[in-house]
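J.: Following this message is one structure expressed as structure tokens.
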Amino acid sequence: MVNVGQLVREAHRDETFLVGFGSHHGTVIAGAEWGAPMERMTVPAAQAGSWEDVLHQAGLADQLLLMDAVRADEQFLARRGQRAIGVVYHPDYEQYGNYVPTVLPQRYDAFIFLDETAALRPLGDVQPQDDGEVPETYPSGV
């Protein structure tokens, strides 16, 4: 499986700047499955040895890491798990499937690390349209 970032990078290598995101713990808004209602979920402390855990242990709370600065650093060239939280998230699966093997400088141009996240508060009740299309302003706009 490939993600949108990989597809864009393959098609437009010199015109892309990919930014990853990670958090050690906190809360998020996500659904239990595709099409499920949004809910506030607790994100447990990151798995030992993951990128989120290593950055937390290093005391790098709330950092923007530019990968050009660390591409030659052996510590950043390690393949570690990186927690995947998106539209769908399963806190109960932390040990089984929420982490993807990642070498940060090979996947991203920059990485935003927040030690603790707080779930967003939706501005209003967002409902899908009857025709199956997402409203033009979703997830932002007026």
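J.: Compactness ratio of segment 15-117: Cα Rg over 2.2 N^0.38 Å, N = residue count?
T.: Taking N as the residue count of segment 15-117, the ratio is 1.08.
J.: Would segment 1-64 count as rounded, prolate or oblate if I go by the C-alpha gyration tensor, calling it rounded below 1.5 in a/c and otherwise prolate when a/b exceeds b/c, oblate otherwise?
T.: oblate
J.: Can you give the local net charge around residue 16? Use residues other than it whose beta-carbon is closer than 10 angstrom to its beta-carbon, Lys and Arg +1, Asp and Glu -1.
T.: -2
J.: Can you put 39, 52 in order of Cβ neighbours within 10 angstrom, beginning with the fewest?
T.: Ordered by Cβ neighbours within 10 Å, fewest first: 39, 52.
J.: Report, in deg cm²/dmol and to the nearest 500, the calculated mean residue ellipticity at 222 nm for the chain, where each DSSP H run with n ≥ 4 adds -39500 (n - 2.57) and the sum is divided by the residue count.
T.: After summing the helix terms and dividing by the residues of the chain, the value is -3000 deg cm²/dmol.
J.: Under 10 Å, Cα contacts only: if you run a Gaussian network model on the chain, which one of 20, 35, 81 comes out with the highest mean-square fluctuation?
T.: It is 35.
J.: Starting with the fewest neighbours, write out 121, 79 ranked by other beta-carbon atoms found within 10 Å of each beta-carbon.
T.: Ordered from fewest to most neighbouring Cβ atoms within 10 Å, 121, 79 come out as 121, 79.
J.: Which of the chymotrypsin sites (Phe, Trp or Tyr not before Pro) found in segment 1-84 are in a DSSP loop and have at most 16 neighbouring Cβ atoms, other than their own, within 10 Å?
T.: Listed in order of number, the matching sites are 17, 34.
J.: If we count other beta carbons within 10 Å of each Cβ, what is the order of 25, 12, fewest first?
T.: On the way: 25 16, 12 9.
Lowest to highest Cβ neighbour count: 12, 25.
J.: While we're here: Taking the Cα centre of segment 15-117 as the origin, how large is its charge dipole in debye, to the nearest 20, when only Lys and Arg (+1) and Asp and Glu (-1) carry charge on their Cβ atoms?
T.: 180 debye
Coordinate-derived values only; no laboratory data. Just so you know, these numbers come straight off a predicted model, no measurement behind them. As a convention, Cβ positions derive from the backbone with ideal geometry for all residues, glycine included, and neighbour counts pool all protein chains shown.
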